[in-house]
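The structure appears below as structure tokens.
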Amino acid sequence: MADSAITRAVRALDLIPYILENPGNSVEQLANKFETSSKQIISDLEVIFMCGLPGYTPYELIDLSFEDGIVTVVDAQVLDKPRKFTETEAVIVSLGLQLLSNLAENIESKDRISKLIEKLSSKFKATSQIELSLSNKPTHYDAVIHAITAKSNIEFSYKSLSKDEFTNRTVSPIRIYTSGGVYYLSAFDQNNNGLRVFRIDLMSDIQLISGVYKTGESPIFIQTIEFEIESTNELFLEKYSSIFNEVTKTKTGFNAKGLVSNREWLFRLLLSNRAEVTVIKPQDLADDLIDRAGKIVDLYADSSNN
């Protein structure tokens, strides 16, 4: 299974500092260290080789040598030190972990989060001086969190402030958020067949019930793609790198694999780069692209005749 773009980016940020601190490593040794294949390490190094500071001339790019099997960093640019948190970043992470700890119901998860918080506190003094408090959370907060975690429907009585009356609601809870110090529940209201927002402090008599859990969201379309990109269109690869999770250099350019969730956007992207991008997979996308391109040509022909 191909690594995600995020996994590759994180590994790339760690590779350069590690190579600088441990010179003389072979591609195979780096692959073992970072728990991936030698082929993937070479692919990562090729990507890093094209990275650098704005300007992107040979003077700003990271300079590597790995053709002889031993990886050497000639010029690391700004990646000469391991990634580390600033004091501010550590505080933000600590607050996030404390929030997760409050939300977690599993004891094992709470323990693991607690250890991470302690580890941060031992390295950053500011994190030990800040504590997140949910003391003002409404009475039914925990019950709602449990329902969201379990993806369970809930039934409750809800007080309308505008009408000063109570109504019974059946919903599929989606998420909790705060605004102005008030906790709100975003949920799919099965009574009205749509998304609604409820103030948690106005909810009472909450009960978990069985039934189909709905979110009101359409299924997300995910398309696996594979392109052959000519070397003359390397800018395309850099500009849309977020959709690719595996890139391999070929004799004529690059083979790129990835995932997209918007087919119409993908059509427009390919039509504007068709000459230098060949669709390998899926075949139906290539067929539809040829068909649509043909129709566009026909439209131009018709307009010329008129």
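The values are calculated or read from the model by the stated rules, or taken from the named source; none is laboratory data. Everything numeric here is computed off the predicted structure, so don't read it as measured data. No Cβ is skipped: glycine too gets one built from the backbone with ideal geometry, and neighbour counts run over all protein chains shown.
Points to keep in mind about this one:
- Tally of residues being surrounded by fewer than 14 Cβ atoms within 10 Å (Cβ to Cβ) and either under 29 Å from the mean Cα position of the chain (by Cα) or not β-branched (V, I, T) (or both) across region 167-190: 8
- Residue in region 283-298 that is of a type outside the set (K, R) and modelled with pLDDT of 85 or more present: yes
- So Q77, is it modelled with pLDDT under 80 and within 30 Å of N22 (Cα to Cα): yes
- The residues of region 34-44 that are assigned to a helix (DSSP H, G or I) and surrounded by 15 or more Cβ atoms within 10 Å (Cβ to Cβ), listed by number, are S38, Q40, I41, I42, S43, D44.
- The one condition from (1) out of contact with any Asp or Glu (no Cβ under 6 Å at 6 or more places or on another chain); (2) over 30 Å from F166 (Cβ atoms); (3) at pLDDT below 80 that G216 does not meet is (2).
- Within region 236-255, no residue that is in contact (Cβ under 8 Å) with a residue 60 or more places away in the chain and within 17 Å of R8 (Cα to Cα) sits with its Cβ atom under 7 Å from a residue that is of a type in the set (K, R) and in a helix (DSSP H, G or I) at 6+ positions apart or across chains.
- Residue-level check: of (1) modelled with pLDDT of 80 or more; (2) farther than 24 Å from T149 by Cβ; (3) small (G, A, S), S261 misses just (1).
- Taken together, the criteria exclude V197 from residues that are surrounded by fewer than 16 Cβ atoms within 10 Å (Cβ to Cβ) and in contact with a Pro (Cβ under 9 Å, 6 or more places away or on another chain).
- Complete set of residues in region 153-163 that are more than 20 Å from T139 (Cβ to Cβ) and charged (D, E, K, R): K163
- Residue identified as over 30 Å from F236 (Cβ atoms), surrounded by fewer than 15 Cβ atoms within 10 Å (Cβ to Cβ) and modelled with pLDDT under 65 among P23, P82, P58, P54: P82
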